[in-house]
Amino acid sequence: MLKVCLVGVCGKMGSTIAGETLNYKDRVKVVSGVDVACSDFAAKSFNALGARVFTPTGLEEALREADMSINFSTPAAEIELVPRIARAGKNIVLGTTGFSEEQTQRIREEIVKNGVSAVISPNFSFLVNTQFYLAQKACELIGNKGYEFGIVEEHHSGKKDSPSGTAKKLAKIISDATGGKKLKFRGEEIGVKEKNDLEMGTLRLGGNPGQHELRIAGPYGKLSIETQMFSRSEFAKGAIESALWLEKNVERGKIFGMEDVLGLR
């Protein structure tokens with residue numbers, strides 16, 4: 001039985017993961033959660049799972065019975081919490097997005113230095129990670145055939161980071177595979193698209209949990225590779241499956257991605 005501490009348990013993703021673990025009750029048990037503040041309803045719902053919610057100051061106590069943490073919170077929180085989790089010797093599944101390059105580097109260094117393992121991904125959906133794979137293959141097949149690439153992403157109006165971590169990863173896949181295209185957000189302007197531009201559009205509307213479309217177009221046709229989430233449970237399922245995979249594939253100081261979880265490399 002894998003025992004998990006959920007960091008950011010009272011947020012949208014944390015509470016969804018807590019609920020999704022009920023579908024894994026023979027393999028995963030949530031033993032604790034960490035969050036800055038929880039509503040009474042959220043805390044009572046979590047307590048019903050037989051677990052307790054701690055504030056960040058009680059992180060070490062929250063980790064005591066846990067084998068691993070699953071983290072979905074904020075960059076500001078993770079910069080403080082991930083080093084403490086690593087120093088406690090606990091492996092980590094990290095799904096928080098919006099880090100700066102400096103913050104990302106610091107977190108990775110702490111994981112390696114303390115000899116724990118982690119799965120880090122901007123998106124834990126198996127569908128989206130299949131989309132990443134298909135994007136890479138599309139670039140390999142037709143990236144040098146004169147086609148143009150663009151990305152459109154849409155999320156709920158409460159999402160703070162823009163573009164999403166998923167959209168940025170799609171852009172990096174395309175840029176790396178096609179010779180360093182330059183990301184461009186088109187505003188109100190007069191001017192034609194430059195040959196090396198990789199245009200991206202972002203929308204924040206309603207309650208959409210996530211939609212990403214890669215468009216590949218030439219003068220005579222267009223290919224779309226799109227994912228549309230119906231529920232955050234898709235991400236929660238991927239995070240839990242990643243935790244179960246990591247339990248069996250721990251390597252000291254090793255950082256994995258979803259490519260490893262899905263056996264794509």
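Taken together, the values in this text are just the output of simple stated rules run on the coordinates, not laboratory data. On a predicted model such as this, the values are computed, not experimentally measured, just so you know. Cβ sites come from the backbone with ideal geometry, for glycine too, and all protein chains shown count toward neighbours.
Determine, at each q value in 0.14, 0.26 (inverse angstroms), the log₁₀ of I(q)/I(0) that the Debye formula gives when each Cα of segment 173-265 is one equal point scatterer.
-0.83, -1.33
If you take the charge dipole of the chain about its Cα centre, with +1 on Lys and Arg Cβ and -1 on Asp and Glu Cβ, which of SER175, TRP245, ALA217 is farthest toward its positive end?
Towards the positive end, the residue furthest out is TRP245.
Using the 4.7 Å Cβ rule, please list in number order the cysteines from the chain without any candidate partner.
CYS5, CYS139
Relative to the present Cα-Cα distance, how much length would full extension add between LEU134 and GLU65 at 0.36 nm per residue of separation?
20.9 nm
Could you pull out the trypsin sites (Lys or Arg not before Pro) across segment 134-184 that fall in loop regions by DSSP (anything but H, G, I, E, B) with no more than 10 other Cβ atoms inside 10 Å?
Filter output for segment 134-184: LYS145, LYS160.
Counting each DSSP H run of 4 or more residues in the chain as -39500 (n - 2.57), what helix-only mean residue ellipticity at 222 nm follows after dividing by all residues, to the nearest 500 deg cm²/dmol?
-11000 deg cm²/dmol
How big is the antiparallel share of DSSP beta bridges in the chain, given as a percent to the nearest 5?
35
Set Lys and Arg Cβ to +1 and Asp and Glu Cβ to -1, take the dipole of segment 1-97 about its Cα centre, and tell me which of THR97, GLY19, THR55 lies farthest positive.
Of the listed residues, the answer is GLY19.
Let me check the size of the chain from its C-alpha atoms; what are the radius of gyration and Dmax in Å?
Expressed in Å, the Cα Rg and Dmax of the chain come to 19.4, 61.
Of LYS3/LYS254; LYS159/LYS237; LYS12/LYS182; LYS137/LYS254, which ones are farther than 24 Å apart at the Cα?
Over 24 Å Cα-Cα: LYS12/LYS182; LYS137/LYS254.
With a cut-off of 18 Å, note down the residues of segment 196-235 whose backbone N falls inside the zone around a label point 7 Å from the Cα of LEU141 toward its beta carbon.
Flagged as within label range: 213-227.
Assuming 1.567 mPa s and 4 °C, estimate D for segment 126-228 with Stokes-Einstein, Rh taken as the Kirkwood radius over Cα pairs, in µm²/s.
92
What full-extension length gain, to one decimal in nm, is calculated for TYR220 and ARG252 as 0.36 nm per residue of separation minus the Cα-Cα distance?
6.4 nm
For segment 126-228, calculate the relative contact order in percent as a whole number, restricting contacts to Cα pairs under 8 Å that are 6 or more residues apart.
39
Dipole size in debye (nearest 20) for segment 126-228 around its Cα centre, Lys and Arg Cβ +1, Asp and Glu Cβ -1?
Charge dipole, segment 126-228, about its Cα centre: 160 debye, nearest 20.
Filter the chymotrypsin sites (Phe, Trp or Tyr not before Pro) in segment 200-265 to those in DSSP coil with at most 14 other Cβ atoms within 10 Å of their Cβ, and list the result.
Answer by residue number: TYR220, PHE230.
Give, rounded to the nearest 20 debye, the magnitude of the charge dipole that the chain has about its Cα centre when Lys and Arg contribute +1 at Cβ and Asp and Glu contribute -1 at Cβ.
In total the dipole reaches around 260 debye.
With an 8 Å Cα cut-off and a minimum separation of 6 or more residues, compute the relative contact order for the chain in percent.
20 percent.
Computed over the Cα atoms, what is the radius of gyration of segment 1-141 divided by 2.2 N^0.38 Å, N being its residue count?
Relative to the 2.2 N^0.38 Å estimate, segment 1-141 comes out at 1.09.
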